[in-house]
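Participant: Starting off with a structure, shown below.
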Amino acid sequence: MSYAPPSRLHGLDALRGGALLLGIFFHAAFSFFPGDQLWLIMDTQRSASVTGGAYVLHIFRMTVFFLLAGYFGRMQTYRLGVKPFMRDRLKRIGIPLVVFWPIVMTCFIALAIWGLMVANGGAIPEDTPPPPPMTLKTFPLTHLWFLYILLLLYTVMLGGRAILSLLGLKNSLGKLSDIGLKWLAPIGLLPLLLAVPTAIAFMYHPNWHPFFGIPTPEYGFVPNRVSIIAYGGAFLLGWLIQRDREHLNRTVKLWPIYLFGALILSGYCLSVVGLRVSYFQPLPEQAKHFYPAAYALSIWLWTLGLIGLCMKIWSKESRVRRYIADASYWLYLIHLPIVMALQVWISQWAWPAEIKYAMILGISIPLMFASYEILVRYTFIGGLLNGRKRTRQKRIVAEETT
C-alpha cells in the first residue's frame with residue numbers, strides 16, 4: 001500500500017498525551033488504597049472513591065498509549081525511512097531510559113528510607129527486609145518500563161517486517177489485514193476478537209492480581225505473557241490501522257456503543273473485586289471466568305471508544321491541547337519521585353484522603369508544567385524528547401516616531 005502523509009490528527013495527539021498524564025492520577029492514588037501495604041508510602045487516610053477512579057483509569061490508559069504508539073510509529077517509519085526512524089527512536093526513547101533510570105532509582109531509595117522513617121516515628125525500623133537482588137529477571141525498570149517495551153516493540157515490528165519482505169509475504173499479509181479490518185471493524189467484532197487472547201492470558205497467568213488487570217512489566221527484561229499479548233496486540237492494531245485512514249474511521253465508528261459497554265463492564269468488574277486492595281485477592285467462584293472476560297473486553301471497548309470520542313470532539317487544532325501533549329512525555333518521566341515525595345510529606349496528616357489526593361495533584365502537576373516550560377521546551381532536552389526544540393515567539397512592538 002502506498003504511503004501518503006496524512007493530515008494531523010489533533011484528537012489522537014491529545015489522547016496520547018492524556019494517556020500519559022492519567023498515569024500521574026493513577027500513581028498519586030496508590031497511597032490511599034484501602035487494604036494491604038501495596039506501595040512504599042501508605043497514607044493514614046484511605047479512600048474508596050479515589051481507589052475506584054484509579055481502578056477504571058488503569059483499565060485502558062496503557063493500551064490506548066500503545067495503540068497510538070503503533071499508529072504513529074508506522075506513520076513516522078514511512079515518513080522518515082526505517083534507519084532514520086530507528087535512530088530517532090533510540091535518541092528519543094533509548095537515551096531518556098538510560099539517563100533517567102539511575103536518577104529515578106536513586107530518588108526511590110531515598111524516598112523509601114524517608115517513608116519508613118515517617119511511618120516509624122522518625123527512626124528506621126530495625127527489622128527492615130533487605131532489597132531484592134538485581135538480576136535479569138528482577139531488574140527494576142520502575143515506571144520507565146514503557147520506554148523499554150516501546151523499544152522492544154519497534155525492534156520486533158521492523159524486524160518482522162523485514163523478514164516478511166524477504167519471504168515475499170509483506171504485501172499479501174498487509175492486504176489480508178486490510179480486508180479483515182474492513183469487514184470486522186464496522187460491525188463491532190474487533191473488541192471481541194481482541195478480548196479473547198487477553199482474557200485467556202489473564203486466566204492462565206500465575207498469581208494474577210485481578211484489581212490491577214494487565215500485570216505491569218516493570219521487573220526484568222523479559223515481559224510477562226499478558227503484557228506481551230495486550231500491549232503488543234494494541235501496538236500491532238495501531239500499526240495496521242495506519243495503513244489506511246479509513247481503517248481508523250471504521251474501527252472507532254461505534255465509539256458511543258463501545259463507551260457505554262465499557263462503563264457497564266467496568267462497573268461489574270469493580271463490584272466483583274471491591275475497593276479493598278489485597279496482594280492475595282481470589283475471585284469468587286462464580287466470577288473466575290466471567291471477570292477475566294469482562295475485564296478484557298472492557299479494555300478494548302474503552303480503548304477504541306476513547307479514540308473515537310477524542311477524534312470527534314478534538315478534531316480541530318488547539319494550542320492548549322498541543323502544548324499539553326508536548327509536555328506529557330516530560331511530565332511522565334519525572335512525575336513519580338515528585339508524587340511520592342508529596343505522599344510521604346502528607347501521609348500522617350488527619351485530613352480527608354480526597355483533599356490530600358487533590359493536594360498532591362494540585363501541587364505536582366503545575367510544578368511539573370513549570371519545569372517543562374523553563375527547563376525543557378526551549379532547550380536541548382525538548383529537542384531530545386519531542387524531536388525538535390521550540391523557539392520562543394518574540395513580540396514585535398512597533399513604536400511610533402515623531
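The values are calculated or read from the model by the stated rules, or taken from the named source; none is laboratory data. All values derive from a computational prediction rather than experimental measurement. No Cβ is skipped: glycine too gets one built from the backbone with ideal geometry, and neighbour counts run over all protein chains shown. Heavy atoms of the whole protein, side chains included, go into the accessibility calculation; ligands, DNA and RNA do not. Shrake-Rupley method; radii C 1.70, N 1.55, O 1.52, S 1.80 Å.
Participant: One residue is enough: does the stretch 35-46 have a residue meeting the conditions open to solvent by less than 40 Å² (accessible area, probe 1.4 Å) and assigned to a helix (DSSP H, G or I)?
Facilitator: Narrowing the stretch 35-46 to residues open to solvent by less than 40 Å² (accessible area, probe 1.4 Å): 35, 38, 41-43.
Retained after the next criterion (residues that are assigned to a helix (DSSP H, G or I)): none.
No, every residue in the stretch 35-46 fails to be open to solvent by less than 40 Å² (accessible area, probe 1.4 Å) and assigned to a helix (DSSP H, G or I).
Participant: Then there is this: Does the stretch 342-356 contain any residue that is buried (at least 20 other Cβ atoms within 10 Å of the Cβ), farther than 23 Å from N120 by Cβ and either within 18 Å of the chain's Cα centre (by Cα) or not charged (D, E, K, R) (or both)?
Facilitator: no
Participant: Which one of these is aliphatic (A, V, I, L, M) and touching a strand residue (DSSP E or B) at 6+ places or on another chain (Cβ under 8 Å): L38, L20, L80? Can you show your working first?
Facilitator: Working: L20 fails: touching a strand residue (DSSP E or B) at 6+ places or on another chain (Cβ under 8 Å); L80 fails: touching a strand residue (DSSP E or B) at 6+ places or on another chain (Cβ under 8 Å).
Exactly one of L38, L20, L80 is aliphatic (A, V, I, L, M) and touching a strand residue (DSSP E or B) at 6+ places or on another chain (Cβ under 8 Å), namely L38.
Participant: Starting from the stretch 39-53, keep only residues that are closer than 15 Å to A350 by Cα and touching a residue at least 12 places away in the same chain (Cβ under 8 Å), then list their pairs with residues that are among the polar types (S, T, N, Q) and in a loop (DSSP other than H, G, I, E, B) whose Cβ atoms are within a distance under 8 Å, requiring at least 6 positions of separation or different chains.
Facilitator: What qualifies is M42/S347; D43/S347; T44/S347; T44/Q348.
Participant: Return yes or no: is Y372 farther than 26 Å from R46 by Cα and either of a type in the set (K, R) or surrounded by fewer than 16 Cβ atoms within 10 Å (Cβ to Cβ) (or both)? Talk me through it step by step, then tell me what you get.
Facilitator: Details: farther than 26 Å from R46 by Cα: yes; either of a type in the set (K, R) or surrounded by fewer than 16 Cβ atoms within 10 Å (Cβ to Cβ) (or both): no.
No, not satisfied.
Participant: Being among the small types (G, A, S) and buried (at least 17 other Cβ atoms within 10 Å of the Cβ) is the filter; apply it to the stretch 67-93 and report the residue that is farthest from G308 (Cα to Cα).
Facilitator: Narrowing the stretch 67-93 to residues among the small types (G, A, S): 69-70, 73, 81.
Right, trim to buried (at least 17 other Cβ atoms within 10 Å of the Cβ) and you get 69-70, 73.
Details: A69: 16, G70: 16, G73: 19 Å.
Going through the qualifying residues, I end up with G73.
Participant: Testing G387 on (1) within 24 Å of L68 (Cα to Cα); (2) surrounded by 15 or more Cβ atoms within 10 Å (Cβ to Cβ), one condition comes back false. Which one is that?
Facilitator: (2)
Participant: Looking at L116, is it open to solvent by 10 Å² or more (accessible area, probe 1.4 Å) and out of contact with any Cys (no Cβ under 9 Å at 6 or more places or on another chain)?
Facilitator: Values: open to solvent by 10 Å² or more (accessible area, probe 1.4 Å): yes; out of contact with any Cys (no Cβ under 9 Å at 6 or more places or on another chain): yes.
Considered against the rule, which asks whether it is open to solvent by 10 Å² or more (accessible area, probe 1.4 Å) and out of contact with any Cys (no Cβ under 9 Å at 6 or more places or on another chain), L116 comes out as yes.
Participant: With exposed (fewer than 11 other Cβ atoms within 10 Å of the Cβ) and free of Cβ contacts under 8 Å to residues at least 40 places away in the same chain as the only criterion, which of L167, L173 stands out?
Facilitator: On the way: L173 fails: exposed (fewer than 11 other Cβ atoms within 10 Å of the Cβ).
Sole residue among the options that is exposed (fewer than 11 other Cβ atoms within 10 Å of the Cβ) and free of Cβ contacts under 8 Å to residues at least 40 places away in the same chain: L167.
Participant: With the checklist (1) open to solvent by 70 Å² or more (accessible area, probe 1.4 Å); (2) over 24 Å from W39 (Cα atoms); (3) under 23 Å from the mean Cα position of the chain (by Cα) in hand, flag the one item Y279 doesn't pass.
Facilitator: Of the numbered conditions (1) open to solvent by 70 Å² or more (accessible area, probe 1.4 Å); (2) over 24 Å from W39 (Cα atoms); (3) under 23 Å from the mean Cα position of the chain (by Cα), the odd one out for Y279 is (2).
Participant: Within the bounds of the stretch 305-326, is there any residue that is open to solvent by less than 10 Å² (accessible area, probe 1.4 Å) and either over 27 Å from L181 (Cα atoms) or among the polar types (S, T, N, Q) (or both)?
Facilitator: no
Participant: Would you tally the residues in the stretch 340-364 being part of a helix (DSSP H, G or I) and more than 19 Å from G52 (Cα to Cα)?
Facilitator: First, pick out the residues of the stretch 340-364 that are part of a helix (DSSP H, G or I): 340-346, 353-364.
The next check asks that each one be more than 19 Å from G52 (Cα to Cα); those that pass are 340-342, 344-346, 362-364.
Looking only at that region, the number is 9.
Participant: Which one is surrounded by the fewest Cβ atoms within 10 Å (Cβ to Cβ) among residues in the stretch 212-222 that are in contact (Cβ under 8 Å) with a residue 40 or more places away in the chain and over 14 Å from A293 (Cα atoms)? Before the answer, list the steps.
Facilitator: Let us first name the residues in the stretch 212-222 that are in contact (Cβ under 8 Å) with a residue 40 or more places away in the chain, namely 212-214, 216-222.
With the extra rule that they be over 14 Å from A293 (Cα atoms), the set shrinks to 212, 216-222.
Details: F212: 16, T216: 19, P217: 21, E218: 18, Y219: 19, G220: 15, F221: 13, V222: 11.
Here the residue is V222.
Participant: Which number in (1) over 30 Å from L236 (Cβ atoms); (2) surrounded by 15 or more Cβ atoms within 10 Å (Cβ to Cβ); (3) among the hydrophobic types (A, V, I, L, M, F, W, C) marks the one condition that L270 misses?
Facilitator: Status for L270: all satisfied but (1).
Participant: Note down all Cβ pairs under 8 Å where the first residue falls in the stretch 307-324 and is farther than 26 Å from L237 by Cβ, the second is at pLDDT 90 or above and surrounded by 15 or more Cβ atoms within 10 Å (Cβ to Cβ), and they're at least six residues apart or on different chains.
Facilitator: Pairs that qualify, where the first residue is farther than 26 Å from L237 by Cβ and the partner is at pLDDT 90 or above and surrounded by 15 or more Cβ atoms within 10 Å (Cβ to Cβ), are S318/A14.
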